[in-house]
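Here's the structure we're looking at; comments come further down.
The values are calculated or read from the model by the stated rules, or taken from the named source; none is laboratory data. From a predicted model like this one, the values you see are computed outputs, not experimental measurements. Backbone-built Cβ (ideal geometry, glycine too); neighbour counts: all protein chains shown.
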Amino acid sequence: MKNLRMPRRVHWALLILLALSQSTPSAGRQGRGSTSNDRRGEASSSDESSSRVERLAKMVAGNWTVRVTSEPTSEKPKHRNETGTSRIHYGPGKLSLIEDYRTEGDSGPRQALGVFWWDAAAQGYRSMFCDNLDPDGCSLYDGVGKWEGSDLVFHFVFRDMDKQVQMREVLTRTSANSFTARFYTKEKSGEELLRTVEHTRSELP
């Protein structure tokens, strides 16, 4: 879904992947002094995360062919196109979604691993990506995604050449077997479309 390389880096982002891979049922994490209220609270939080991730999965989980169109910019004045595949599936305990993203085209080959999960404290979806185009390996996106009607909308900020740049990503279901991710940048002159990623369901294993 994410097709944007973020300048803001966090070297510890892989720890999130490790934590997700080692996650266990909440009962197994209870300390000796845990109370029944603690257990009920953890169960409630886990149920909320599971239901929120399930709602997102209904839109994006599956095997997809992707077509990427990048709009012209002052640095790159021509449209750029890429094609490839995306596989999005549940993580451990169905508390996250994991994406395997691969494309080739005008911008060169790209391979990325994405993770999406529900942040109860922020009441929104968090995301991170490990990417062959990311010199630091992985980036945690600074912002959350929330539902606006049937669209999932992410708002985030990053620094580019000592300048803060505001971004918006909109995920829209376009049919029972397709969805689109659109990335916008907010400038003083207004909001401009940066990139469109079209996903069409495929029969790949």
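Restricting the first member to region 83-109 and to residues that are surrounded by fewer than 19 Cβ atoms within 10 Å (Cβ to Cβ) and modelled with pLDDT of 95 or more, and the second to residues that are aliphatic (A, V, I, L, M) and part of a loop (DSSP other than H, G, I, E, B), the beta-carbon pairs closer than 9 Å and six or more apart or on different chains are T85/L204; R87/L204; H89/A61; Y90/A61. Tell me, please, whether a residue that is of a type in the set (V, I, T), at pLDDT 95 or above and more than 22 Å from W64 (Cβ to Cβ) can be found in region 142-152. Yes; the residues of region 142-152 include at least one that is of a type in the set (V, I, T), at pLDDT 95 or above and more than 22 Å from W64 (Cβ to Cβ). The number of residues in region 128-159 being small (G, A, S) and under 23 Å from E104 (Cβ atoms) comes to 2.
Within region 182-194, one or more residues are farther than 17 Å from G143 by Cβ, basic (K, R) and modelled with pLDDT under 95.
Among the residues of region 105-120, those that are of a type in the set (A, V, I, L, M, F, W, C), in contact with an Asp or Glu (Cβ under 8 Å, 6 or more places away or on another chain) and not in a loop (DSSP other than H, G, I, E, B) comprise A112, L113, V115, F116, W118. For T73, all conditions in the list (1) at pLDDT 95 or above; (2) not in a helix (DSSP H, G or I) hold save one; what is the number of the exception? If we test T73 against (1) at pLDDT 95 or above; (2) not in a helix (DSSP H, G or I), just (1) comes out false.
Note down all Cβ pairs under 6 Å where the first residue falls in region 156-170 and is under 18 Å from A122 (Cα atoms), the second is modelled with pLDDT of 70 or more and exposed (fewer than 14 other Cβ atoms within 10 Å of the Cβ), and they're at least six residues apart or on different chains. Here the result reads V157/Q164, each pair linking region 156-170 to a residue that is modelled with pLDDT of 70 or more and exposed (fewer than 14 other Cβ atoms within 10 Å of the Cβ).
The rows are residues; the columns are (1) part of a strand (DSSP E or B); (2) charged (D, E, K, R).
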| site | (1), (2) |
| --- | --- |
| A122 | no, no |
| R126 | yes, yes |
| C130 | yes, no |
| D136 | no, yes |
| S139 | yes, no |
| V153 | yes, no |
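Checked against the criterion of being of a type in the set (D, E, K, R), buried (at least 16 other Cβ atoms within 10 Å of the Cβ) and free of Cβ contacts under 8 Å to residues at least 60 places away in the same chain, region 42-49 contains one or more residues that satisfy it.
Screening G114, G137, G124, G145 for residues that are crowded, with 18+ Cβ neighbours inside 10 Å and either touching a residue at least 60 places away in the same chain (Cβ under 8 Å) or basic (K, R) (or both) leaves exactly one candidate, G114.
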